[in-house]
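Peer 1: Structure incoming, see below.
The values are calculated or read from the model by the stated rules, or taken from the named source; none is laboratory data. It should be emphasised that the depicted structure is a prediction, and the values quoted were computed from it without experimental measurement. Here Cβ is always computed from backbone atoms with ideal geometry, including for glycine, and neighbour counts include all displayed protein chains. Surface areas here come from the heavy atoms of the whole protein model, side chains and all, with no ligands, DNA or RNA. Shrake-Rupley method; radii C 1.70, N 1.55, O 1.52, S 1.80 Å.
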Amino acid sequence: MSERTAFRRGSIVLLSLLMTVFTQAFAEERTTMDPRLVTPGKLTVGTGDPVYPPWMLNNDPASGEGFENGLVYELAAEMGFDADDVVWVGQTFDQAIAPGNKPYDFAIQQISVTEARKQIVSFSRVYFQPEKAVLALPGNTLENATSYDDLRDARWGATIGTTDNDYLVNVLGVTEAAIYNEQVDVFQAMRAGQIDGTLISLPTALYVTAVQVPEANIVALLPPDENDRGHGLLFEYNNPLIPWVDDALTAVIDRGVVEDLKAEYLIADPDLPIITE
């Protein structure tokens with residue numbers, strides 16, 4: 001056999017092996033052994049550390065008790081994963097929205113889909129659009145607010161880098177809010193009388209007034225910001241898993257799962273005033 005013939009046969013064998021590997025990998029896509037997963041056979045999900053109600057109860061994502069972890073387990077089942085095959089990875093919010101490699105397939109952490117964030121990370125379709133809640137202590141001037149003009153006259157506090165602060169600036173026109181590194185610092189400022197109130201998503205406000213700052217009240221609701229499309233699952237930029245997860249998420253939403261979870265975990269007082277202008 002000539003060297004040229006041997007080379008050709010070797011090339012054909014190598015090409016055949018590569019095609020077999022490629023075909024097998026393609027056949028496993030959209031299955032629990034999808035090679036594009038961080039760990040094939042597992043669905044690896046990022047979330048906060050710690051986690052809070054009503055999003056997740058008892059600081060235990062694996063319990064499945066809560067709005068967001070309940071949604072994840074329904075989504076995992078739709079994708080073919082058993083509950084035991086869901087792996088949780090704790091992180092800070094800043095780590096979640098930062099560019100670069102992610103140690104999970106997607107993250108769920110009340111992360112709002114915005115144009116700025118979409119430049120460095122990718123998102124699923126929106127699964128929830130929360131209203132904003134005005135939080136204040138009893139006797140505060142915010143209790144009597146009925147318009148955006150009334151709200152602009154208040155002393156506001158917000159957490160840095162949040163869509164809550166974006167709402168104050170872009171919707172209400174508040175440009176002199178006190179900015180804090182952590183949400184707990186905002187609450188401490190409220191208690192100290194340094195600010196009149198803060199603006200946070202309604203589900204978070206329900207937890208805050210029940211547990212963290214029980215003396216505070218939700219005094220009004222505000223409509224969603226049109227620039228804040230709502231909460232989406234966050235992926236590493238251009239993650240190829242997104243179409244698969246989106247299809248599964250759409251199926252879960254169409255079955256009414258999100259509405260059922262909202263009714264179970266995100267219940268608000270229907271008599272709360274709504275300020276729209």
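Peer 1: Can you sort R229, R36 by solvent-accessible area, 1.4 Å probe, largest first?
Peer 2: Numbers: R229 100, R36 70 Å².
Heavy-atom accessible area, descending, gives R229, R36.
Peer 1: For T175 and D82 in one chain, what is 0.36 nm times their gap in residues minus the Cα-Cα distance, to one decimal in nm?
Peer 2: Length difference between fully extended and current span is 28.7 nm.
Peer 1: A further question follows. Using a basic spin-label model with each label point 7 Å from the Cα along Cα→Cβ, how many nm lie between D149 and Y207?
Peer 2: If labels sit at D149 and Y207, their model points lie 3.7 nm apart.
Peer 1: Counting only DSSP beta bridges with both residues in the chain, tell me the antiparallel percent, nearest 5.
Peer 2: 55 percent
Peer 1: Output needed: percent of Cα pairs per 10 Å distance bin for the stretch 205-261, bins running from 0 to the one holding the longest distance.
Peer 2: For the stretch 205-261, the pair-distance distribution reads 17, 28, 34, 19, 3.
Peer 1: Considering the chain as a Gaussian network with a 10 Å cut-off on Cα pairs, which listed residue, T204, T32, T92, attains the greatest mean-square fluctuation?
Peer 2: Judging by the Gaussian network model, the answer is T92.
Peer 1: If D260, D271 are ordered by their accessible area, calculated over protein heavy atoms with a 1.4 Å probe, which sequence runs from highest to lowest? Write down the numbers at each step before the final one.
Peer 2: Numbers: D260 105, D271 130 Å².
So, going from the largest accessible area down, we get D271, D260.
Peer 1: How big is D for the stretch 48-175, in µm² s⁻¹ as a whole number, if Stokes-Einstein is applied with the Kirkwood radius of its Cα pairs at 10 °C and 1.306 mPa s?
Peer 2: The Stokes-Einstein estimate is 93 µm²/s.
Peer 1: Once you have the Kirkwood Rh of the stretch 144-199 from its Cα pairs, apply Stokes-Einstein at 20 °C and 1.002 mPa s and quote D in µm²/s. Write down the numbers at each step before the final one.
Peer 2: Details: Rh = 11.2 Å.
Taking Rh from Cα pairs, D becomes 192 µm²/s.
Peer 1: With N set to the residue count of the chain, report its C-alpha Rg divided by 2.2 N^0.38 Å to two decimal places.
Peer 2: On the way: Rg = 23.4 Å, N = 277, 2.2 N^0.38 = 18.6 Å.
That works out to 1.25 for the chain.
Peer 1: What value in Å³ per residue do you get for the convex hull of the alpha-carbon atoms in the stretch 118-245? Write down the numbers at each step before the final one.
Peer 2: Details: hull volume 14.4 nm³, N = 128.
Dividing the Cα hull volume of the stretch 118-245 by its residue count gives 113 Å³.
Peer 1: Here is a further query. Quick one: helix 67-79 against the long Cα principal axis of the chain, what's the angle to the nearest 10°, folded into 0 to 90?
Peer 2: It is inclined by approximately 20 degrees.
Peer 1: Which log10 I(q)/I(0) values, to two decimals, does the stretch 172-220 give at q = 0.14, 0.15 Å⁻¹ under the Debye formula with one point per Cα?
Peer 2: -0.34, -0.39
Peer 1: For the chain, set up a GNM with springs between Cα atoms under 10 Å and report which of V211, V126, V89 has the largest fluctuation.
Peer 2: Sorting by GNM fluctuation, first place goes to V211.
Peer 1: Something else: On average, how much accessible surface per residue is there in the chain, in Å², for a 1.4 Å probe, leaving out ligands, DNA and RNA?
Peer 2: Working: 13990 Å² over 277 residues.
Spelled out: the 1.4 Å probe surface of the chain, per residue, equals 50 Å².
Peer 1: Could you check which residue among V245, V38, V113 shows the biggest mean-square fluctuation in a GNM of the chain with a 10 Å Cα cutoff?
Peer 2: V38
Peer 1: Right, something else. Per-residue HN-Hα couplings for the stretch 44-60, Karplus 6.51 cos²θ - 1.76 cosθ + 1.60 at θ = phi - 60°, whole Hz, x for Gly and Pro?
Peer 2: 9, 10, x, 7, x, 8, x, 10, 10, x, x, 5, 8, 8, 6, 6, 9
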